[in-house]
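Q: Sharing a structure, written as structure tokens. Questions coming.
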Amino acid sequence: MKLSVCTITFRHHLLCFSEIVEWTQRNGFDGVELWGAHARGLMRTPPEYDADWLRTYGLSVPMLSDYLPTDDDDTDTRHRAIQLCRIAQHWSARKIRTFAGNRPSAELSRDERKALARRIGEIAGIVQDHGISLLVETHPNTLADNVGSTLGLLADANHPGLGINFDALHVWEGGDDPVLARRTLADFIGHYHLKNVRSRDELRVFVPDNVYSAAGSRDGMVPLFDGAMDYEGFLASLADESNVEASLEWFGNDGFETLTHDRLAILSHFTSARGGAGSARDRRPRRLS
């Protein structure tokens, strides 16, 4: 598994990008998933911040995570998508993450579902023209809030450039078994988001209004293997897969410590599942600063 850090973790931190990159390299990660707001801001920084600069650290940007509009004017949507594609190309990112609207699938009529899927397929075409894949995230209150609706979205969009960013916790939140859901959607999955919650009753801690607020609650956000969703079973189902790319999407406090802990825990579980032994370098804790 190639594992990345999400810069959204540091949305309320006073850090420069080079500090995040240096820490990411020191702690054995493979890449940096750029939040769209950060990616746009970095385009105004000195030109040495690009894919070539990042490669000197042995890192890459696997994906930009943004929120492309699905109900704006066609011209505005196209402009926003092309702008984001150019930023992705600056970082040699091969994937762009977005959402399938902002209403639960159960509230949409069949015609509304088809119209939204068609719009997402059109955006996927724009993105594919730039050599990039568009990934729709499995997420509550969207057209991809359960496996059945996600499959319908993919069928209605009917575009080879469209795939899935599989957020395992949100799949579990939607009532599906993440292991079975992954098997069902396997042909479309281009990336994974990994996070956990202490109990199902605390899932509201991840609603956008709370997550993006500096004053929002972080109570209930826990390390990957300390939560209600069974990550041991889920990661075991990935153990024999090659070329899996995933990001630790941590929104809580103590980001450096938690990300370090979770990376080593994932490595340990993958090593056990494959019946091998990790290197001493992989098992040794890293400094946080």
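Just so it is clear, none of the values below were taken in a lab; they were calculated from the coordinates. If you're wondering where the values come from, they're calculated on a predicted model, not measured in any experiment. Please note: Cβ atoms are built from the backbone with ideal geometry, for glycine as well, and neighbour counts cover all protein chains shown.
Q: At q = 0.12, 0.15 Å⁻¹, what log₁₀ I(q)/I(0) does a Debye calculation on the Cα points of the chain give, no solvent, two decimals?
A: With one equal scatterer per Cα and no solvent, log10 I(q)/I(0) is -0.76, -1.24.
Q: Which net charge results for the neighbourhood of residue 204, defined as the other residues with beta-carbon distances under 11 angstrom from its beta-carbon, given Lys and Arg at +1 and Asp and Glu at -1? List each step's numbers first, then the result.
A: Details: positive: 200; negative: 173, 201, 202, 209, 219.
Charge balance in the 11 Å sphere: -4.
Q: Could you give the distance between the Cα centres of the range 23-45 and the range 47-106, to the whole Å?
A: 13 Å
Q: How fast does the range 49-177 diffuse by Stokes-Einstein, in µm²/s, taking the Kirkwood radius from C-alpha pairs at 25 °C and 0.890 mPa s?
A: D, rounded to a whole number, is 163 µm²/s.
Q: List the residues whose amide H sits under 5 Å from the amide H of residue 164, counting only those 5 or more places along or on another chain, with H placed 1.01 Å from N in the peptide plane.
A: 136, 189, 190, 191
Q: Below 24 Å, Cα to Cα, which lysines can residue 195 reach? Residues fewer than 8 away in the same chain don't count.
A: List returned: 2, 95.
Q: Moving to a separate point now. Determine the relative contact order of the chain: mean sequence separation of Cα pairs under 8 Å and six or more apart, normalised by residue count, in whole percent.
A: Contact order relative to length: 17 percent.
Q: Now for a different question. Looking only at 45, 258, 24, which one moves most when the chain is put into a Gaussian network model with springs between Cα atoms under 10 Å?
A: Taking springs between Cα atoms under 10 Å, the residue moving most is 45.
Q: Provide 2, 195, 95 in ascending order of the number of other Cβ atoms located within 10 Å of each residue's Cβ, fewest first.
A: 2, 95, 195
Q: Can you list residues whose amide H is under 5 Å from residue 196's amide H, if they're 5+ apart or on another chain and H is modeled 1.01 Å from N?
A: 222
Q: Just to confirm my numbers, what's the Cα centroid distance between the range 142-177 and the range 236-254 in Å?
A: If you average the Cα positions of each part, the centres end up 18 Å apart.
Q: A follow-up question, please. Can you run phi through the Karplus equation (6.51, -1.76, 1.60; θ = phi - 60°) for the range 7-15 and list ³J(HN,Hα) in whole Hz, with x for Gly and Pro?
A: 5, 4, 3, 9, 5, 10, 9, 8, 9
Q: Amide H neighbours of residue 35 under 5 Å, at least 5 residues apart or on other chains, H built in the peptide plane: list them.
A: When sequence neighbours closer than 5 places are left aside, the close amide H contacts are 7, 8, 65.
Q: With springs only between Cα atoms under 10 Å, which of 156, 50, 73 fluctuates most in a Gaussian network model of the chain?
A: Sorting by GNM fluctuation, first place goes to 73.
Q: Name the residue, out of 138, 56, 260, whose mean-square fluctuation peaks in a Gaussian network model built on the chain with Cα pairs under 10 Å.
A: Highest fluctuation among the options: 56.
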